[in-house]
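Worksheet: the structure to be examined is printed underneath.
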Amino acid sequence: MDLEDPRYAYMFGFLQADGHLASGPGQKGRLTVEISYRDIDILQAFQELCPYNSTISERTRATNFSASHRSAIWTVCSLEARNRLVELGIPYGKKSRRIQPPRVPCSRRDYLRGIIDADGSVGFTAQALPFVSLATTSTAIATYLCRYTKLALGIPRLPGRNARDGAYNIMYMREAGVTLADHLYYPGSLALDRKRSAAADVSAWVRPTHMRPPRPRRSWTQMEDQILLTATSLDEAAEQLGRSKNACQTRRWRLLQK
């Protein structure tokens, strides 16, 4: 599994998010990926990429969302394959908070597309606004995505945990969503068919003429940072700087983390 190959980078990202490594007696164990049967094509692509024997099966069961949910399951038992996945960063057992980006050379946008195909969403809100989002409980993955979009696309995001369930919900909307969808789902890339189709629709979005144009981003200066850090309260800083209290709070948090 050479992660500089876009296909394997995507596959690894998908397996990190939606795969499960289980160990058994001795050296027994298996990798399984269970997804909706409508997405079986991606498991068939993985089976072709995998040089080890594997199987694809299906089952129908009751879930919280359906009385008869049909799913497809890809299973790999090879010890060599499992050892390689552990080496790259997929631990045995529960892993949602523990997964981290690979520490070897990697096709990063393909890896992130695999993560988003498995644990993210692409489409439109109820207000017909385009978006790309990721929900994860891994601090490392959330930070990696935000850092990547800032450096590669100039789209800044600051990851923050949801107080209710401790998950990160990172959202790119409007032009940011269009840019990210177009970047990740490029022609010929391996992806879930339904998300590729959604990404194409998102990429085609143009801001309606009646919608207010996006406000230009105002950079922080060293003098503003000094005022922010020495102000007695966020309200005082916001008044002096002509910025919102939320903006001051976020900037101050970032400065104190350095």
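Could you please let me know if residue 203 is modelled with pLDDT of 90 or more and surrounded by 16 or more Cβ atoms within 10 Å (Cβ to Cβ)? Show your work before the answer.
Working: modelled with pLDDT of 90 or more: yes; surrounded by 16 or more Cβ atoms within 10 Å (Cβ to Cβ): yes.
Yes; evaluated as a whole, the condition is true for this residue.
If you go through the stretch 19-43 and keep only what is surrounded by fewer than 18 Cβ atoms within 10 Å (Cβ to Cβ), out of contact with any Lys or Arg (no Cβ under 9 Å at 6 or more places or on another chain) and touching a residue at least 60 places away in the same chain (Cβ under 8 Å), you end up with just 41. Where helices (runs of 4 or more DSSP H) fall entirely within the stretch 107-226, those with at least 1 residues that are over 28 Å from residue 19 (Cα atoms) are at 139-153, 175-184, 193-203. In the set (1) under 30 Å from residue 162 (Cα atoms); (2) surrounded by fewer than 17 Cβ atoms within 10 Å (Cβ to Cβ); (3) in contact with a Cys (Cβ under 8 Å, 6 or more places away or on another chain), the condition left unmet by residue 53 is number (1). Residues that are of a type outside the set (Val, Ile, Thr) and over 11 Å from the mean Cα position of the chain (by Cα) within the stretch 122-139 comprise 123, 124, 126, 127, 128, 129, 130, 131, listed in sequence order. Modelled with pLDDT of 95 or more, of a type in the set (Phe, Trp, Tyr) and closer than 23 Å to residue 143 by Cβ: does that describe residue 168? No, not satisfied.
Among residues of the stretch 73-121 being among the acidic types (Asp, Glu) and within 12 Å of the chain's Cα centre (by Cα), the one that is surrounded by the most Cβ atoms within 10 Å (Cβ to Cβ) is 117.
Of the residues making up the stretch 53-69, not a single one is aliphatic (A, V, I, L, M) and within 24 Å of the chain's Cα centre (by Cα).
The one condition from (1) part of a helix (DSSP H, G or I); (2) within 20 Å of residue 190 (Cα to Cα); (3) among the acidic types (Asp, Glu); (4) within 22 Å of the chain's Cα centre (by Cα) that residue 48 does not meet is (4).
Can we say residue 237 is in contact with a Leu (Cβ under 6 Å, 6 or more places away or on another chain) and not assigned by TED's automatic domain parsing to the domain that holds residue 173?
Working: in contact with a Leu (Cβ under 6 Å, 6 or more places away or on another chain): yes; not assigned by TED's automatic domain parsing to the domain that holds residue 173: yes.
Answer is yes for this residue.
The number of residues in the stretch 1-22 being more than 12 Å from residue 189 (Cβ to Cβ) and among the hydroxyl-bearing types (Ser, Thr, Tyr) comes to 1.
Would you mention how many residues in the stretch 128-174 are touching a residue at least 40 places away in the same chain (Cβ under 8 Å) and among the β-branched types (Val, Ile, Thr)? Residues that pass the stated criteria total 5. Taken over the stretch 77-99, the criterion of being closer than 16 Å to residue 142 by Cα and either in a helix (DSSP H, G or I) or without any contact (Cβ under 8 Å) to a residue 60 or more places away in the chain (or both) is satisfied by 96, 97, 98.
Whether a residue is outside the structural domain of residue 42 (by TED's automatic domain parsing), crowded, with 18+ Cβ neighbours inside 10 Å and in contact (Cβ under 8 Å) with a residue 12 or more places away in the chain was assessed, and residue 229 does not pass this test.
The values are calculated or read from the model by the stated rules, or taken from the named source; none is laboratory data. The shown structure was predicted, so the numbers you read here are calculated from the model rather than taken from an experiment. Note that we place each Cβ from the backbone using ideal geometry, even for glycine, and neighbour counts take in every protein chain shown.
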